[in-house]
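Taking it in order: structure first as structure tokens, then the write-up.
The values are calculated or read from the model by the stated rules, or taken from the named source; none is laboratory data. If you're wondering where the values come from, they're calculated on a predicted model, not measured in any experiment. Every residue, glycine among them, receives a Cβ derived from its backbone with ideal geometry; neighbour counts consider all protein chains shown. Accessible surface is based on the protein model in full, side chains and every heavy atom, while ligands, DNA and RNA are left aside. Shrake-Rupley method; radii C 1.70, N 1.55, O 1.52, S 1.80 Å.
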Amino acid sequence: MNTVEKCIQEQVVSGDIEALKALVSEIEQVFVRENLSASELQWKVMINHFDAVIARQLSGEKLPEMDSSLFADLSEQSMQLAREVAGSIKDVDESEIFLIAVHVENVLGNIN
């Protein structure tokens, strides 16, 4: 079992492992295309967040609206890649996209 599969098995609490696998597959494809590599810790944190996104979708819960100025330092690349990944999430809101972009920014090495 590779790192990503292991993280999925360990992290899933939403009850929808297939949706989680599909979302993780989306980000893996983006990372391969962009020649990005996430550490095991980065995968654990991302997968935990993605599972929470799915849980919120299933329950109808939404994140509170976030002030976009809090994310002004994120690179255009991380926002673009986050929007691409978020495109596969039904009814995703801007707050989720900002948080996905933070994960991408971390993998890009721009934040720790």
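Which shape class, rounded, prolate or oblate, goes with segment 16-82 when its Cα gyration tensor gives a ≥ b ≥ c as root eigenvalues, a/c under 1.5 marks rounded, and past that a/b bigger than b/c marks prolate? Oblate shape, in that a/c is at least 1.5 and b/c is the bigger or equal ratio. Along the positive direction of the dipole of the chain (beta-carbon charges: Lys, Arg +1; Asp, Glu -1; about the Cα centre), which of A86, V32, L74 reaches farthest? Most positive-ward Cα: V32. Apply the a/c threshold of 1.5 to the C-alpha gyration tensor of segment 67-112 and tell me whether it is rounded, prolate or oblate. Oblate is the answer for segment 67-112, as a/c is 1.5 or above yet b/c matches or exceeds a/b. Accessible surface of segment 42-111, 1.4 Å probe: 49 percent of it comes from carbon and sulfur atoms.
Sequence gap at least 6, Cα distance under 8 Å: using those rules, report the relative contact order of segment 29-112 to the nearest whole percent. Once divided by the residue count of segment 29-112, the mean separation gives 38 percent. Cross-link partners for K44 among the lysines, with Cα-Cα distance under 17 Å and sequence neighbours closer than 8 places in the same chain left out: K6, K21. Along the axis of the charge dipole computed for the chain (Cβ charges of +1 for Lys and Arg, -1 for Asp and Glu, origin at the Cα centre), the listed residues N106, V45, G60 are led at the positive end by V45.
Hull volume per residue, based on the alpha-carbon atoms of the chain and their convex hull, is 96 Å³. Only Lys, Arg, Asp and Glu carry charge here, each on its Cβ (+1 for the first two, -1 for the last two); on that basis segment 7-94 has a dipole of about 180 debye about its Cα centre.
Restricting the calculation to Cα atoms, segment 1-54 yields a radius of gyration followed by a Dmax of 10.4, 31 Å.
What is the packing order of peptides 39-45, 64-70, taking the mean over residues of other C-beta atoms within 10 Å and listing the highest first? Working shown, then result.
Values: 39-45: 15.0, 64-70: 9.4.
Top to bottom by mean Cβ count within 10 Å: 39-45, 64-70.
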